[in-house]
Amino acid sequence: MKKPQPPIAPKKPTFKEKISALSNLPAFFKLVWQSSPKKTLFSIVLRVLRSAMPVALLYVGKLIVDQVVQLSTTPQPHDTTYLWELVALEFILAITSDALSRTIALLDSLLGDTFSNHTSVKIMRHAADLDLEQTEDSEYYDKLERARQQTLGRTMLLSQVMSQLQDIISMVFLIAGLVTFSPLLILLLIITILPSFLGESYFNSQNYSLTRSQTPERRELDYLRYLGASDETAKEIKIFNLADFVIARFKKLSDQFYYDNSKLAKRRSFWGTLFSMLGSTGYYGAYVYIITRTITGHLTVGDLTFLAGSFRQLRTFTEGILLRFTVISQGAIYLNDFLDFFQIKPSIAVAKNPIPFPNPIREGFTFENVGFKYRHSENWANRHLNFTLHPGETLALVGENGAGKTTLVKLLARLYEPTEGRILLDGIDLKQYDPKELQHNIGVIFQDYLRYQMTLSSNIAVGDITQLGNQALIKKAAQGSMADAIADKLPNQYEQALGKRFNNGVELSGGEWQKVALARIYMKEAPVLILDEPTAALDARAEYEVFQRFAQMTEGRSAVLISHRFSTARLADRILVLDKGQLLEIGTHEELLALNGRYAELFLLQARGYK
């Protein structure tokens, strides 16, 4: 079987870039501190105490050995009081060291969870502040996915950095002891550890490069998992017999990941073993040297145990610090992915002194030569739009798929910013209004509305979540969209969980879900309502009843309807016909029929289908 070819990976981070990435740590620690100041401070204090334990235990052990040797070479009776005091002290230090280690581990775990939750909330809040167009960009999704990974992957970075500081303090004490007896041991230690450090640094760079290059494919892999095992996709997977297709694509990607990762892991394991053998050789060389010095009488037996233990621990600490340095610097580089996400700033700016939303609207929304095209696209989604949505007017948008209808209403709600031209509200550019206040005063239901796996009451209340506890308003909104009939037949009525994702949930039909979604638009007294294909899943009778109620509940309010059903469009005060993103015709149903243009053509074509 032919092995899959690995993808071309991006440039690997250099040693200089790793050092530079350490500048991310202050921002990281600021986030850690914000997540829990008390836990962070307590962890620092305990680690400082724990760092003194290794040298204290070794030195007390040396005193015990020397005391035992002295007592064993002197005639009896012996005064062993001092010996047992040393043993008791070592016992206290041992249990204190263990207690400190366990407490630190507990704090690290709690702080890691706290940090993960804190940064997850921060990511969600920042994502909510970004423009809709940014969230629809694949590059944004890659950055978001990397940032999400860092909320979990970077929770150990704090522990690693704190452990680094703890080990460095311990090393200071151990080095002081070794230098007193033989500086040569320090030099030998560095020579034997350095290759291992350089090897780990190299392979961490390789791993970072590989992981970063796989981000888009990993998102696809997660999506294939969802496609292959989800209640929402099951019916189409079965009816179109897509299981083999999805599984084959999943296997191809997962096999590629396995090949790339295993190849790197094997190389890392081989060189790691080789460098470890070199480190062990250096340790036992030092051990032989210390034993020789003890035999010749230059060192006591206690000195032997202290120096051997100190060198062994110093080697462990040095190796750990050097290897951890590469992990920390690597983690600091990964922090770029996390921090980069927060460098994405919304292009829809808030005016320094925004003016309040007009109440009531007096002149309406005016499009002046408005054009819009998506980033990375050369084609215009809308262009040369010139019209006014008057106060209290219902305007229907008609056109073939891809004509730019949904883009137009997103511009109206300032979910998108015009590429050219401007949109006025009562003669003032929309840019002078606060986007959040503007959107609060516009009720919108898009054709790709969400089916929240929550209670019926919550599903309706998302139209104005501040009114979640207002049952009277929720029921009134349900009546407006005929969702009240759905509530009446549910076991727990408005408190019934919808969807099959959680226990005791009830699934609704497409038409029923659409009625629930329509109820959201009635949750707030918005002066402007936008319905994007609001009745696509409803039968003719239900559609008629919905629009009868809609006409009553929207009296005095402006509304925009997007519909492919001309029976719906003709109910509007005026109809705007779009073709390839541009305004082709605008007028009443009768005016457009008399014009005998595109609207008349489409209307008659659809009417012919009902004969």
By count of other Cβ within 10 Å, fewest leading, how are ARG219, ARG324 ordered?
-> ARG219, ARG324
Based solely on C-alpha atoms, express the radius of gyration and the Dmax of segment 305-438 in angstrom.
-> 27.9, 92
Note: GLN160 to HIS78 extended length (0.36 nm per residue) minus current alpha-carbon separation gives 24.7 nm
Amide H contacts of LEU584 (H built 1.01 Å from N, under 5 Å, at least 5 apart or other chain) = VAL577, LEU578, ASP579
Return the ratio Rg/(2.2 N^0.38 Å) for segment 451-509, where Rg is computed over Cα atoms only.
-> 1.03
With each pseudo-label sitting 7 Å past Cα toward Cβ, what's the ASP579-LEU184 distance in nm, one decimal?
-> 9.5
Note: segment 401-461 at 4 °C, 1.567 mPa s; Kirkwood Rh on alpha carbon pairs; Stokes-Einstein D in µm²/s works out to 95
Applying the Karplus parametrisation 6.51 cos²θ - 1.76 cosθ + 1.60 with θ = phi - 60° to the phi angles of segment 243-252, what ³J(HN,Hα) value in whole Hz is obtained for each residue in order, glycine and proline being reported as x?
-> 4, 5, 5, 5, 5, 4, 5, 4, 5, 4
Residues VAL87 and PHE502, FRET efficiency given R0 of 60 Å [Cβ-Cβ distance, rounded to 0.05] = 0.50
Could you work out the equivalent-ellipsoid semi-axes for segment 364-439, taking the square root of 5 times each eigenvalue of the Cα gyration tensor, largest first, in whole Å?
-> 20, 15, 11
Stretch gain in nm, segment ALA127-TYR223, where the contour uses 0.36 nm per residue and the Cα spacing is subtracted = 32.6 nm
Any of LYS251/LYS500; LYS410/LYS475; LYS476/LYS515; LYS30/LYS143; LYS30/LYS122; LYS352/LYS524 with alpha carbons more than 19 Å apart? Name them for me.
-> LYS251/LYS500; LYS410/LYS475; LYS30/LYS143; LYS352/LYS524
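No lab work stands behind these numbers, since they all come straight from the coordinates. In this text the structure is predicted, and so the values were computed from the model without any measurement. A quick note on method: Cβ atoms are made from the backbone with ideal geometry, for glycine too, and the neighbour counts reach across all protein chains shown.
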